[in-house]
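Please treat every number below as a calculation from the coordinates, not as lab data. Predicted model, so just to flag it, every value in this text is computed and none were measured. Note: ideal-geometry Cβ built from the backbone for every residue, glycine included; neighbour counts use all protein chains shown.
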């Protein structure tokens, strides 16, 4: 996992989808946005969904989500209806080293 800060505009990273980015000596091909994993609501000791962790979507925020289509795990869907975006799926094209402070280009 890589956390990137310092983008100029909200959702700027969504423009990386379908392209390549470079950090340090690593090149990544960016596939599509991902949503927040619903497994974060499961109590690991009981394997039961913890109702206190159920999160109602912030409708005002969801309205600002771009309507993107994606293919998560082989299921074509409108991503903004599945949940809050939280990151991007990417695959390594060229391996190498990434260090804190490396630029994303």
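If I take R0 = 35 Å and measure r between the Cβ atoms of residue 45 and residue 4 in this structure, what FRET efficiency does the formula 1/(1 + (r/R0)^6) give, to the nearest 0.05?
So, using R0 = 35 Å, E works out to roughly 0.60.
Would you mind computing, in nm to one decimal, how far apart the modelled labels at residue 103 and residue 15 are, each placed 7 Å from Cα along Cα→Cβ?
About 1.6 nm separates the two model spin labels.
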